[in-house]
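So the structure is just underneath, and the comments pick up after that.
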Amino acid sequence: MSLLAVKDLDVTYPGGQAAITAVRGVSFSLNSGELAALVGESGSGKSTVGHALTGTLPGSAIVSGNVDFDGTDIMSMDARMLRKSRRRGIALMPQNGLNALNPVLTVEGHFWDVLRSHERVRRAEARQLSAAMLEKVGLSGSVLRRYPHELSGGMRQRVCLAIVLSLQPRVIVFDEPTTALDVLTQQQVIQTIAELQRSEGFAGLLISHDLGLALEHSSRALIMYAGRIVEELPSHRALDDARHPYTRALVDCYSDARADEVTLAGIPGSPPDLSLGQESSCLFAPRCPHAQQLCSTERPSLRSVGSGRAACFLADGTLSEAVHAS
Amino acid sequence: MNTVAVASSPARPIARRRRGLTLVVATLWRQPKARAGLIILLALVAMAVLAPLVSPYSPQVSTFPPMTGPSAAHLLGTTGGGQDVLSQLIYGARDSLLVAFGAGILATLLALAIGLLAGYLSGPADSVLNFLMNLLLVIPALPLMIIISTYRKGGGILTIVLVIVIISWAFGGRVVRSRVMSLRSLDFVTAAQFSGDRTGRIIVREILPNMVSLVAAIFFATATGAVLAEAGLEFLGLGNPATVSWGTMLYWAQTYNVLAQGQWAGIFAPGLCIALLASAFALLNFGVDELSNPRLREA
Amino acid sequence: MPAEFAAGDRAALLTLESVTKVFRGRRAGQSAVKRAVDDVSFAIQPGTSLGLIGQSGSGKTTLARLITGVDTPTSGSIRLGDTQVDQLHRRELRAYRHGVQFVFQDPYAALNPASRIGYVISRPLVNYAGVAPDQAGSHVLELLAKVGLTPPEQFEPKLPHQLSGGQRQRVVIARALASRPRLIVADEPVSMLDVSLRAGIIGLLRDLRESDGISLLYITHDLLSARAVADDLVVLQDGRVVEQGPARQVVQHPQHEYTRRLIDALPQPGRRPADTADQREKTTTSQGGRLERAD
């Protein structure tokens, strides 16, 4: 029985000119104690999924589908019930520490703010709890007195992580936790997340555009493109077993810097315009080196393939690789 | 050759690119509150412009029976001095609109000029100008207005406009200054410097276009304040009581104690008009954000 | 220091000798001295590209500002061709910028949201190449085509918000090319773009070097993209050069501990945490169990 089960999630933003369906038919599940990665580029809808799960979408967003958290459908809960459920429920670790933290509050002030809105604590108790949380993420208690601008990027992310942990959530959605951080700091933050996940036992959904980083620390990867999940597979098999051309192309973007000749690979073209409701073709086809006639007339659905699932006519055997696009 | 796909645009007919005033009016019209403000303002402007055609009598004629209530001959009654209230109301619009636009535009231009200089040049020039603005903000407005007006008693509209401009430009100036300072640190301003553009061009082409909504907001706010300030000054008798304006109507109505006499229209009518004009500007301010967003302007 | 970087090498395009920049500030009532750049020396040969590798706080942004004349060093010399950059007056800066252009990190901040693409690219043409504003049209189209924005006529009248991040960055590069500079300084030009779009921009920068002989100073924290575009590397830590040399050599045979850490931190899809557990240990413990920012 999975902790979190998402079924046919659709999110549409009613824009001024045209509505944008950012997420279409997304279904997946998350089990207790696992760290799964949701990977996609800008405009893939991955952040929207994260916000839908934690109830932090803007009010105008239209959501449909089921999100089953430990037996309860949270899509049917109202705001008050949702807020209650964040304690020992699903928490969101926001993307940018600088934007997410209030510049006029100390770190301790942040903890106090969050703790007392979810349970009754006294100030001294809260301070102890906060210090304990900071320790878990590798920061000393003296950070409590600091203001966000006095901390480095990596430290701010850790503070956000500690604040989220203080709610003892069972599921944490990490929204791009390493963007805008240096390579060394990125590794430190991701490691901290992975270690904490093992020791605290929460289920984690790591949302990132960095496939390499996500694959290194997650057990399972979900690849999103243009609002849909196009592949799901165990992370350590991604290099050898990726079936969807998009996943393959993403993997190929990471070359070995130690090689004698280093060339970067990219994916030509750009992601599709989501305001044009296209249902009848594979949205990756225009950029796919293996696209064939069928790909522009029918949309492939997620099928069981190899060690996971993929939405591709080539991957699921409907098409063979006989004809290569020019 | 390193190529990328063409920018994808949705399949819609390409809108005619509107320019200038048509664009401004069309953008404002789309916002419901701004639309309301625009309608009210245009109605009042029409009233002022068409005064000779619309007004039943000349506002100066004071031979009517004084202090009468609304009747067929005088729709809003007459004043304590024997003039037709409705005629005074219609002609009074000219005065108020003149002050509102005059003081509004002048104060905004002054705020823009000083704020731009202070914000872009920084250093000693900024210190001096900033101090000046802060000084003007700290001095209490009403007493200052009263003192200046008393000194130039009977000076009429020009004095009032002058007084209001002196009082109100500093607020806008400070806001402009801080906006310019934050814009100046943006990459595209540095990029313009790298492109070889000189300071003057950078201020006009890079900084100003990104301040349109701010300038519009300052204008509308100042105009709103100007309407109320003028009414207030004239009500206190610091304007020229012989002129016909909504504020002096209030002054005379109070002098003649019209409320006690039951001639409520004498106070209610000009008061309502003042409130309408001020509200019109305040409502227009709601449409200001749309003006500056290129995304909304295009379609 | 390898012989080819010896100071005083007249053939080099850009030479930095013992450049230091000290910032004096006040923190909680006490004056603090920060050496953002400390005794940095390196050179860029004409028609080559140099990757300046550094994390935040390494001094790379300060160096970019010193080289482009936005700031002046506390001590040391910066020379581009015959120009002594550190001694330029404000007035001379404008002329200097003719030869040195800048590509910004954030494609969303580098273009004025209210200006059309055609205007933006025309400015350096008008200011430096002496082209009349109404004649700039064909040159602008040429530049747009050169950076891969085709058909150029479609892009010329657009506003920045109508372009994607990758397209905007190409516009920024086109603008940098317009004045026909000898050196382009690019500060993290691809770090804000999707991974799949980076190759296009990096490839563009590489092609320009070959076709136009423009030298490139590529500033980044990402060793992979640096390896793909740079001939030589300079690694910066806390304002000091800790390693430099030909790019391949530095990455395949790093001499300095810090360089090794940077290389190990590169994400690789096939690698699992267990494989490099030892390196991980080193990363956390060498900075101490408690990570605090030094004042």
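When you restrict to C-alpha pairs under 8 Å that are six or more residues apart and normalise by the size of the stretch C:109-180, the relative contact order lands at 45 percent. Take every DSSP beta bridge whose two residues both sit in the protein assembly as shown; close to 60 percent of them are antiparallel. Mean per-residue shielding of peptide C:99-112 is 4, counting Cβ atoms of other chains within 10 Å of each Cβ.
Take the Cα of B:ASN134, step 7 Å toward its Cβ, do the same at B:ALA73, and the gap between the two points is 6.3 nm. Sorted ascending by nearby beta carbons within 10 Å, beginning with the fewest, B:ILE114, A:ILE223 become B:ILE114, A:ILE223. For chain C, the relative contact order comes to 22 percent (Cα pairs under 8 Å, sequence separation of at least 6). Counted by neighbouring Cβ atoms within 10 Å, the residues B:MET67, A:MET133, B:MET181 run from fewest to most as B:MET181, B:MET67, A:MET133. Round to the nearest 0.05 the FRET efficiency obtained for A:ARG145 and C:VAL33 when R0 = 25 Å and r is the Cβ-Cβ distance. Computed FRET efficiency for A:ARG145 and C:VAL33 comes out at 0.55. Shown is the FRET efficiency for B:PHE268 and A:SER60, computed with R0 = 51 Å from the Cβ-Cβ distance and rounded to the nearest 0.05: 0.75. Using the Cβ-Cβ distance between C:ASP238 and C:ASP82 with R0 set to 35 Å, the FRET efficiency from 1/(1 + (r/R0)^6) comes to roughly 0.60. PRE reach from C:SER18 (point 7 Å along Cα→Cβ): which of the stretch C:55-73 fall under 16 Å by backbone N? Of the residues in the stretch C:55-73, C:73 have backbone N under 16 Å from the label point off C:SER18. Above 37 Å, the calculated P(r) of chain B contains 29 percent of its Cα-Cα pairs. Residues C:ARG261, A:ARG198, A:ARG120, arranged from fewest to most other Cβ atoms within 10 angstrom of their Cβ, appear as A:ARG120, A:ARG198, C:ARG261.
Only the coordinates and a few stated rules stand behind these numbers; no lab work does. Owing to the predicted nature of the structure, the values given are computational and were not obtained by experimental measurement. No Cβ is skipped: glycine too gets one built from the backbone with ideal geometry, and neighbour counts run over all protein chains shown.
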